[in-house]
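Shown next, in C-alpha cells, is the structure this report addresses.
Please treat every number below as a calculation from the coordinates, not as lab data. The structure presented is a predicted model; accordingly, all values stated were derived computationally and were not measured. Cβ placement follows ideal geometry from the backbone for every residue including glycine, while neighbour counts extend to all protein chains displayed.
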Amino acid sequence: MQHVAIADRPDELHDPQTFITKYIWSQDHKVIAIQYGGTAIFVGLVALVLSGLMRLQLGFPDTFDFIDPNAYLQFVTMHGMIMVIYLLTALLLGGFGNYLIPLMCGARDMVFPFMNMLSYWVYLLSVIVLLASFFVPGGPTGAGWTLYPPQAILQGTPGYDWGIILMLVSLAIFIVAFTMGGLNYVTTVLQARTRGMTLMRMPLTIWGIFTATVLGLLAFPALLVSAIMMMLDKLAGTSFFMPALVSLGENLEYTGGSPVLFQHLFWFFGHPEVYIVALPAFGMVSDVLATHARKNIFGYRMMVWAIVAIGGLSFIVWAHHMYVSGMHPAFGFFFATTTLIIAVPTAIKVYNWILTLWQGNIHLTVPMLFAIGFIFTFTHGGLTGLFLGNVTIDLPLSDTYFVVAHFHMVMGVSPIMVLFAAIYHWYPLMTGRMFNVALGKAHFWFTFLGTYAIYLPMHYLGFLGVPRRYFAMGSTDFIPESAQSLNASITVSALIVGASQLIFLYNVIWSLRNGEKCERNPWGATSLEWQTEHVPPHHGNWGAELPTVHRWAYDFSVPGVEQDFIPQNHPVTAEEQTGGEEGEKA
Amino acid sequence: MSIFSTLREKPWIQHPLPAGGSVDEEVADPQAAARLALRFVLAIVGVLFFLFIITFLSRSQYPDFEALSGAPWQPFTDASRLWFNTGVLAVASLAMQISLVSARRQRLNAAVVGLSAAVFFTIGFLLAQYELWLHLQSMGFYMNSNPANSYFYLLTAVHGLHLVGGLLVLAHVVFRIWYDEELATLAGPLQLCAVYWHFLFGVWLVLFALLTSTPETINALAALCGF
C-alpha cells in the first residue's frame, strides 16, 4: 500500500529554501515534531511548577500567603489539564507520532504535510489561549480538571467568568489541532508504508501510536460536545447540564439540566484519553526494551492484539470514574466488569515485557533504566486500579489521596518514564549527538526513587481518609497529626523530583552542542528510522530511493548470525530462509 | 475478514518479497489517501452528531423538556418550512452528484454548472435555516427558553458549520484546480466533496426527523436507549 505521490516522486517534496520555511513554517514532519515537543515540554514545565506550588501548600499549610484557596484550586485544575492534554497527548502523538511514523514506516513525510503544519500552529494557539487565562480577571478556572458543572460556571468557583470560557475555547481549539494531526497519522500509517512494510511488520511503537490516534479521533468529539454545550450554558443561558438552583440566595434561570450527563460525556472522552496516553507509551517501551535487551519482543502478535483489544475496550469502561456520581447503581456492576476485563490484555503486555527481559542481554543504558522503571511504576499503578475498579472499594476511597496516588502512578509517572526513555533513546537520531550518560543516570534515579517517595506514602494517606482537592485539612478527628508529617515529606520529595528535571533539561541542551558525536545507529536498533542515509535524517528522510523492508522489527540475536541485530531493510539470507520454512512447518 | 488474517500473520517467519512488486500490491491511486482521510472525517463527524443525539434523548426525559412538535402551538407540528429547507439541501446534493457524473464524463461545462448550482443551493439552505431561526425567535422560541429549543439551535448550527466547512474545502479545491491543474482532473476531488455533501444531507434527515418528533416518539427512542 504505497502512497505514490509522496513515495515515488521526491520532486514533489516541498523543499524548504529559507530559514523561515525550514524551521518555522515548516512542513517537514521532523521539524513539526520538535516544535510540538518543545511547546509541550514548555507548557509541561509550567504545570510542574504549579504542582510544586500545590505541594508547598499541602506540606506546609499557613506558610505561604500568596496561595489562597482560590489559587490552590486554580493550580490543581491547570496542572491536571495541562499535564493530561497539552503535555502528554501533544508530546506522545504530536511529538513522537510526528517524528516516528514516517521514519518507522519508511515514508518521506506525512501524507498531508500542510495540514500537519497547520496542526502544530493551531495547537500552539490552544496553548496560548490556555495560558492567557492566567492573565484575565479572576484568573484561570479552578473547577478541577474535570470541569464538572454546575460549579464550574457558577459564582464562587475561581475563574467562573473568564477562566472557564478560555479553558473551553482552548480545548475546542486543541481538538481541531489534534484532529488535523490525527488524520495525518492514521492515513500515513495506512497509506504511506514503504514496500514490504506489512502491518504486522510495523514496530509496536507505530501500533501504539496508530491505535491511540484512532481512539483520539473518536473520543475527542465527546469532549468537544461537552465543551460546546457547557459554553452555551455559560454564555447563552441554556440548561443542558445546569439544574434549577439557588445561588447566593437567588433563583437562577437554569431549569432541570443534568450534571451527570456532562460527566458521562466527559468520561466517554476521559477514559479513552487514558489509553491515548498509555498506548503510545506501551508501544515505545516495547521497542526500547527489545532493543536494549538485544532480544525480540516476547509475543509480538499478542502485543498487537492487546493494543487493539485495549483500544476497543477503553470505550466501554468510562463510568468507573463515576461510581460516586449518583448514576444508576446497576451500571456500576457492568463497568466494574469491563474494567476488570481490560486488565487482562494490559497484564499480558506486562508479562510480555518481563519475558522479553528474561534471558536477554540487558544493557542498562539510560533509556533502558527508564523503561524498566516504567514496568515498576505501571505495575503498581495498574494494581491499585484493580482495587478502584470495584465499586465497593472505590466508594470509600474515591475522594481520597488513594485515587491521586493511583492515577499519578499509572497515568502520570508511567508515561513520563516512557517519554524520558524515548527521548534518551531517540536523542542520538534527532540530534546526531549522544547525551551525557552520567547525568542521564542521575536524572533516572532522582526521578524513579523520588516518585516512589511521593506516591507510596500518598496511598497510605488515602487509606487514612485524607480527602483530595482540599486546600487544607483543618481539624479532622479521624486523621492523625502524623499525616501532616507525611504530607511534608511528600512535598520535600516532590520538590526534589521537580528540581531534578533541571538535570534533564541541562543535559538535553548541553549535549546539543557538546555531546559526543555518535555513530549511526548507536544502539544497534533494527527499525527503519535508524537506517537513514544521514543522521539526523535530512528532509525527505531517504535518499533517492525508499527503503525496502524484508523482515519484522525484532530480529535481535538471530542464531547463526554474527551481528546481534538485523535491520528491517536487510534482505533475507538463504540460511534464514531455510530456517524460516522449517519454523513454519513446525 | 482480511483484518483478522492480517492480525494472524507471523512476521517472525521470513518470507522473501514477491519478485518486483510490493507486498500489498494495490493500484497506485493518488486519491487513495484523501479517500481514506475522508472516511475518518465522516466517522468523526458521525460520532459528533451521534453524541449530540444521545444527549438530546437523555435530556428529553427531564420534566422541563417540551418537544417542538406534537401540540398545536408547537412550531414544528406543521413542519412545512423545514420540508422546504430539506428540499433545498436535497437539490444541492443532487446538483453535486450531477456535477460529479458530468466531470467523470469530461463534460466540463455541465460539471461547472452543476457545481455552481450545488454551491448556490447549499448557501440557500444555510440562509433558509437562518431565516427559520429568526422566525422561531419572532414566535418567542428563544434558545434558552426550553432545552428542546436549545437543541434545535445547537444542532442546526453545528450542521450548518459543517456545511460551511465543506464549502471552504470545495472553494480551495476549485481554486487549486483552476489555477494549478487541469479542469479535467476535477472528478477525483469532486467525488470526495460529493460524498461529504450526501453524508451531511443524511445527517440532516436524521436531525430533521429527531427535531420534528412528537413527545411520544422521542420517549420511545429514549426508552430504547435505556433513558
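A few comments on the model shown:
- Rounded to the nearest 10 degrees, the angle from helix A:366-388 to the longest Cα principal axis of chain A is 40 degrees.
- Our summary gives chain A a relative contact order of 16 percent, counting only alpha carbon pairs under 8 angstrom and 6 or more residues apart.
- Treating r as the C-beta distance of A:A442 and A:V492 and R0 as 30 Å, the FRET efficiency rounds to 0.95.
- Spin-label model distance (nm) - B:C225 vs A:N514, 7 Å beyond Cα toward Cβ: 6.1
- In chain A, the longest principal axis of the Cα atoms and the axis of helix A:329-357 are about 30 degrees apart.
- Residue-averaged beta-carbon neighbours from other chains (10 angstrom radius) around A:258-271: 2
- Förster radius 30 Å - calculated FRET efficiency between B:E181 and B:L134, Cβ distance, rounded to 0.05: 0.15
- Taken about its Cα centre, the protein assembly as shown carries a charge dipole of roughly 440 debye when the Cβ of each Lys and Arg holds +1 and the Cβ of each Asp and Glu holds -1.
- For the segment B:33-41, counting C-beta atoms of other chains within 10 Å of every residue's C-beta and taking the mean gives 6.
- Highest-first arrangement of A:257-269, B:200-212, where packing means the average Cβ count within 10 Å: A:257-269, B:200-212
- Expressed in units of 2.2 N^0.38 Å, where N is the residue count, the Cα radius of gyration of chain A is 0.98.
- B:L127/A:S247 FRET efficiency (R0 41 Å; Cβ-Cβ; nearest 0.05): 0.55
- Mean per-residue shielding of peptide B:138-147 is 3, counting Cβ atoms of other chains within 10 Å of each Cβ.
- Residues whose placed amide H lies under 5 Å from that of A:F565, excluding near-sequence neighbours: A:S557
- For chain B: rounded, prolate or oblate by the Cα gyration tensor [a/c cutoff 1.5]: oblate
- Between A:E545 and B:T77, the modelled labels are 7.7 nm apart [label points 7 Å from Cα along Cα→Cβ].
- Listed by chain and number, the lysines whose C-alpha is less than 29 Å from the C-alpha of A:K30, apart from same-chain residues fewer than 8 away, are A:K22, A:K295, A:K441, A:K517.
- Full extension of the chain between A:W121 and A:L355 yields a length gain of 80.0 nm, computed as 0.36 nm times the residue separation minus the alpha carbon distance.
- For the stretch B:76-211, the fraction of alpha-carbon pairs in successive 10 Å shells from zero, as %: 12, 41, 26, 15, 6, 0
- Taking other C-beta atoms within 10 angstrom as a stand-in for reagent exposure, A:M409, B:M143 fall in the order B:M143, A:M409, fewest first.
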